[in-house]
Every structure is written in structure tokens, then in C-alpha cells.
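Chemist: Following this message is one structure expressed as C-alpha cells.
The values are calculated or read from the model by the stated rules, or taken from the named source; none is laboratory data. Everything numeric in this text was worked out from a predicted model, so none of it was measured. We place every Cβ from the backbone using ideal geometry, glycine too, and count neighbours over all the protein chains shown.
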Amino acid sequence: MNLKQLLFFISLYDKNTYAHVCRVAYYSNLIGKKLLLTTYEMNLLLYSSLLHDIGKILIPTSLLYKKEKLTKSEFQFIKSHVNLGISILPDTMAEIKNIIAYHHERLDGTGYPYHLEKEQIPKLSKIIAIADSYDAMTSNRFYNDIKTKDEAIQELLSNTSYYGKNKYCYAYVKTFCKCIKK
Ligand SMILES: [Fe+2]
């Protein structure tokens, strides 16, 4: 299956997830361009950001959009979308899978599923993590309050080493701020 077919599957399964991955790809692209990534890296970033949540097509939408508080096991099931995504994609997409596998990791080791830290996390996964979190905060995901652009940027910044919380790469968040504030 190729990228177009996989994206078609996502759009058929859930329009919100489809719209989300498109926005994450757009934001990731902005950051990548500003960081002067190579053409190869930019393509890898595009594919990985578009497919980062493909595992969600194996999670019932009733659970993805459940308004009530999730139970521990439901939360674990949603988190499993990372590994489910890896299992869906073909081995020919090994590099993409390697980026997707770490899009919920955080620099301080509080992410999942592997609790990797800092340089253990691939650069492109760190970029997608910022774009993903920004979109989660600024778009209607049913279960949280929507933040304004400035509030979301402030939230990202407050979770960098500059403010003592090392979740997102400070340099990448600063780069993203410059792109998004225009
Ligand atoms: Fe995700």
C-alpha cells in the first residue's frame, strides 16, 4: 500500500484524524524548512507526519472521542496506537516507522512507549511531537479546551529546558514560534 492509499484509509475511517495529520504535516513542514533540513529529510518528515497516527484506525472512534474520563486500560489502549501504526505499515517504510515510533516520546523521558530521552529520540520525531501537541491544543479534539495560538505556543515553551521542563526541544519550539507568528 502506498501513501495515497493509506491516507485514503485514514480519511474514510475518521475525518478528524485525517484533518489532524494534514495540519501536523503542514506545521512540521514549516519547522523543517526553517531548520534547513535536506530534501531527503523533508520528504521523510512529510510521510512520517502524515502517517504518524495511522494506528488510530485500529482504535474505535467511540474511544478516541470519549468525553468521560478514560479508564487506565482505555488510556493504555489509545496509547497503543503508536505500536499499532508500526504494525500496519510495510517493512519498505522502515525509516518512516522509525520516526513514527517515537512521536510521543519527550526529552525528559516522560513520553511513551519507550521513555526515551534527549538524543535517543530522532530529530524528526521531535519536530512531529511539537506540531502534534500544538494542533491538539488549538483544534477541537472534543475532550479538551481549545487554546489560542499564543496560549498554545506559551504552553509549548513552558515545557522546554528554558523554563526548566525538558519535554520539547527549545530550539525547535523557538523555530516553530517564528513560523507560526507570521
Ligand atoms: Fe499520536
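Chemist: Mind listing whichever residues of the range 152-182 are within 13 Å of Leu107 (Cβ to Cβ) and surrounded by 15 or more Cβ atoms within 10 Å (Cβ to Cβ)?
Modeler: Matches in the range 152-182: Leu156, Asn159, Thr160, Ser161, Lys165, Asn166, Lys167, Tyr168, Cys169, Tyr170, Tyr172, Val173.
Chemist: Among all residue pairs at least 6 apart or on different chains, which show Cβ distances below 9 Å where the first residue, located in the range 72-85, is within 14 Å of His52 (Cβ to Cβ) and the second is within 10 Å of the ligand (Cβ to nearest atom) and of a type in the set (A, V, I, L, M, F, W, C)?
Modeler: Every condition considered, the pairs that remain are His81/Ile54; Val82/Ile100; Leu84/Ile54; Gly85/Ile54; Gly85/Ile100.
Chemist: Here's a follow-up. For the range 25-65, how many residues meet the condition of being in contact with a Phe, Trp or Tyr (Cβ under 7 Å, 6 or more places away or on another chain) and of a type in the set (Lys, Arg)?
Modeler: 0
Chemist: Could you tell me whether Glu68 is touching a Lys or Arg at 6+ places or on another chain (Cβ under 8 Å), on the phi < 0 side of the Ramachandran plot and away from the ligand (no atom under 14 Å from the Cβ)?
Modeler: Numbers: touching a Lys or Arg at 6+ places or on another chain (Cβ under 8 Å): no; on the phi < 0 side of the Ramachandran plot: yes; away from the ligand (no atom under 14 Å from the Cβ): yes.
Criteria not met by Glu68.
Chemist: Mind checking which pairs have a first residue in the range 114-128 that is over 16 Å from Thr160 (Cα atoms) and in contact (Cβ under 8 Å) with a residue 24 or more places away in the chain and a second that is part of a helix (DSSP H, G or I) and charged (D, E, K, R), Cβ under 7 Å, 6 or more apart or different chains?
Modeler: Final answer for the pair search is Leu124/Glu41.
Chemist: Now for a separate question. Look through the range 40-70, keep the residues that are touching a residue at least 40 places away in the same chain (Cβ under 8 Å) and outside any helix (DSSP H, G or I), and return whichever of them is surrounded by the fewest Cβ atoms within 10 Å (Cβ to Cβ).
Modeler: For the range 40-70, the residue satisfying everything is Lys67.
Chemist: If you scan the range 71-82, which residues turn out to be surrounded by 14 or more Cβ atoms within 10 Å (Cβ to Cβ) and away from the ligand (no atom under 11 Å from the Cβ)? It would help to see each step written out before you state the result.
Modeler: In the first step, residues of the range 71-82 are kept if they are surrounded by 14 or more Cβ atoms within 10 Å (Cβ to Cβ); the result is 74, 77-82.
Residues satisfying the conditions are Glu74, Phe77.
Chemist: Condition (residue is more than 16 Å from the ligand (Cβ to nearest atom), surrounded by 20 or more Cβ atoms within 10 Å (Cβ to Cβ) and modelled with pLDDT of 95 or more) applied to the range 90-104: is it met by at least one residue? Show your work before the answer.
Modeler: Of the residues in the range 90-104, the ones more than 16 Å from the ligand (Cβ to nearest atom) are 90-95.
Narrowing the set further to residues that are surrounded by 20 or more Cβ atoms within 10 Å (Cβ to Cβ) leaves 93.
Still in the running and modelled with pLDDT of 95 or more: 93.
Yes, the range 90-104 contains a residue that is more than 16 Å from the ligand (Cβ to nearest atom), surrounded by 20 or more Cβ atoms within 10 Å (Cβ to Cβ) and modelled with pLDDT of 95 or more.
Chemist: Pairs needed: first member in the range 1-25, touching a residue at least 60 places away in the same chain (Cβ under 8 Å); second member anywhere, in a helix (DSSP H, G or I) and among the acidic types (Asp, Glu); C-beta distance under 7 Å; at least 6 residues apart or different chains.
Modeler: His20/Asp135; Arg23/Asp135; Val24/Asp132; Val24/Asp135
Chemist: Inside the range 37-64, can you point out the residues that are over 16 Å from Ile128 (Cα atoms), in contact with a helix residue (DSSP H, G or I) (Cβ under 8 Å, 6 or more places away or on another chain) and more than 11 Å from the ligand (Cβ to nearest atom)?
Modeler: Ile57, Leu58, Thr61, Leu63
Chemist: All but one of (1) part of a loop (DSSP other than H, G, I, E, B); (2) within 11 Å of the ligand (Cβ to nearest atom) hold for Asp108, so report the exception by its number.
Modeler: That leaves (2) as the condition not met.
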